[in-house]
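For reference, the structure is listed below as C-alpha cells.
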Amino acid sequence: MPLFDTPYLDRLADYFASGDLEMDFDFANEEGRGIILEFLEKIMDLADAADELATKLIFKGQLGVLTGEKTQK
C-alpha cells in the first residue's frame, strides 16, 4: 500500500486558505515568486493527474458492476 501523507496535504490546504501563501508571494523577491508559481503549477498538474486517475478508477469500478464483475478490495 502506498504511503499517503494526508496531514501534509491538510497543512498545505490550511496554508492556502489562511492567505499566508499569498502574503509570502507578495513579499517574495522575483526568484521566490518563481518558486511559488512553479510549486503551484506542479500541484495543478498533480491535481489534473489525480482527477484523470480517479475518473478512470471510478469508471472501471462502475463498468465492473454493470458487467457483474466482483470488485477487488
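Things to note:
- Stretching residue 36 away from residue 9 to a fully extended chain increases their span by 8.1 nm, per 0.36 nm per residue minus the current alpha-carbon distance.
- Between residue 22 and residue 52, the modelled label-to-label distance comes to 3.1 nm, taking each label 7 Å out from Cα in the direction of the beta carbon.
- Convex hull (Cα only) mean projected area of the range 6-67, reported in nm² to one decimal: 5.2 nm²
Any read-out appearing in this document is the output of simple, stated calculations on the displayed coordinates, not a laboratory observation. What you see is a predicted model; the values in this text were computed from it and never measured. Quick reminder, even Gly has a Cβ in these numbers, built from the backbone with ideal geometry, and neighbours come from all protein chains shown.
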